[in-house]
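Quick note: the coordinates plus some simple rules give every number you see, no bench work behind them. Every value quoted in this text rests on a predicted model; they were computed, and no experiment measured them. When we count neighbours, we look across all protein chains shown, and the Cβ atoms used for this are built from the backbone with ideal geometry, even at glycine.
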Amino acid sequence: MKMGLKEFLEKASRTDLDDKTIGRLLEELKITLLQNDVAYPVAEDICLKLKIKLEQTQIKRFSDPKKAGKKLLREVLLETLGRSTVNEFFDLVENKRLDREPAVMVFIGINGTGKTTTIAKIAHLLLSRGYTTVLACSDTYRTGSIEQIEEHAKRLGVKAIKHKYGSDAAAVAYDTINHARAQGIDVVLIDTAGRMQTNKNLLDEMAKIVRIAKPDLTILIVDALTGNDAVEQALTFSKSVPIDGIILTKLDADAKGGSAISVSHITKKPVIFIGTGQDYKDLTPFEPTYIVDRILEES
């Protein structure tokens with residue numbers, strides 16, 4: 001994406017920006033965005049906002065028109081990504097602890113997104129801030145899922161609540177929340193079965209877990225490398241349950257950045273954290289400036 005944006009800024013800096021020229025340049029920019037996994041409606045919205053800014057700003061009067069164009073594009077990308085909400089995440093946990101109630105979080109997403117590892121990373125982050133956690137093995141569908149959560153729990157030194165495979169996943173969540181209340185545990189982290197968007201039975205089960213658990217946060221885990229499919233996943237899941245936030249995984253390997261731009265804008269829900277590696281510490285609060293600076297680097 002960097003080269004495409006660089007070319008756009010170069011052309012914009014050496015061209016008189018009449019309506020026709022702006023339209024042509026923005027069409028080229030839209031193609032660049034689409035080629036880099038930005039969803040079509042998001043690419044259109046970015047171009048429309050940039051068009052308005054270009055029309056309102058007489059760039060040719062600036063001593064450095066390329067710098068001025070880059071500044072306007074940066075503003076549009078930051079507006080599209082929204083703001084960081086990580087402080088609200090920790091405020092919620094702290095307020096629930098003050099109320100002597102566990103903060104309940106349900107994690108959803110398809111297989112392969114790194115959902116279970118991300119839950120362990122969240123637990124590690126909370127533990128590092130002095131909060132206690134318990135894990136719910138509510139993925140009673142995928143073979144090995146319970147053992148995977150139990151292994152993470154063992155490494156982290158926390159408890160995992162489980163039932164047998166094939167049992168009611170909502171019942172596991174319910175029992176874990178009751179355990180947290182009885183033991184004064186601060187945060188309940190509920191794993192769920194990785195659902196393909198087309199599997200109605202599993203989507204219905206996920207909705208039941210959310211209905212029973214009444215979570216404070218329902219967080220969707222999406223793989224940044226899946227590009228536009230990340231947006232489709234977010235839209236499909238949001239039709240089954242209310243999504244409060246998003247965690248983007250594997251962003252360290254995402255050279256394009258398009259899914260980071262698209263998924264929050266499409267769902268109107270914030271990206272809270274990004275995954276940047278396999279270690280427990282590789283979970284970073286989402287900062288829009290980090291994504292935008294990466295995209296515009298060298299442009």
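What to note about this one:
- Under the combined filter of DSSP loop state and at most 16 neighbouring Cβ atoms within 10 Å, segment 83-145 retains these trypsin sites (Lys or Arg not before Pro): R83, R100, R129, R142.
- Hypothetical label at D279: residues of segment 123-151 whose amide nitrogen lies under 15 Å (7 Å Cα-Cβ projection): 124-125
- Residues listed by number, segment 193-227, amide nitrogen under 19 Å from T143 label point at 7 Å toward C-beta: 193-196
- Cα-projected label distance for D19 with E150, points at 7 Å along beta-carbon direction, nm: 6.9
- Segment K200..E79, full-extension length gain: 40.1 nm, with 0.36 nm per residue of separation and the alpha-carbon distance subtracted.
- Between N178 and I52, the simple label model (points 7 Å from Cα in the Cβ direction) yields a spacing of 5.3 nm.
- Fewest neighbouring Cβ atoms within 10 Å first, the residues H265, H179 line up as H179, H265.
- Computed from Cα atoms, the angle from the helix 19-35 axis to the main principal axis of the chain rounds to 30 degrees.
- Annotation: the antiparallel percentage among DSSP beta bridges lying fully within the chain is about 10.
- Cβ crowding within 10 Å, taken as a proxy for footprinting-reagent exposure, orders C137, C47 from fewest neighbours to most as C47, C137.
- Of the trypsin sites (Lys or Arg not before Pro) found in segment 219-299, those in coil by DSSP whose Cβ has at most 15 other Cβ atoms within 10 Å are K268, K281.
- Taking chymotrypsin sites (Phe, Trp or Tyr not before Pro) across segment 138-240, the ones in a DSSP loop with at most 14 further Cβ atoms lying within 10 angstrom of their Cβ are Y165.
- Zone of E101's modelled label, taken as backbone nitrogen in segment 125-158 under 20 Å from a point 7 Å along Cα→Cβ: 131-136
- Taking the number of Cβ atoms within 10 Å of each Cβ as an exposure proxy, the fewest-first ranking of D99, D139, D191 is D99, D139, D191.
- From helices alone, the chain scores -17500 deg cm²/dmol at 222 nm; the rule is -39500 (n - 2.57) for each run of n ≥ 4 DSSP H residues, then divide by the residue total.
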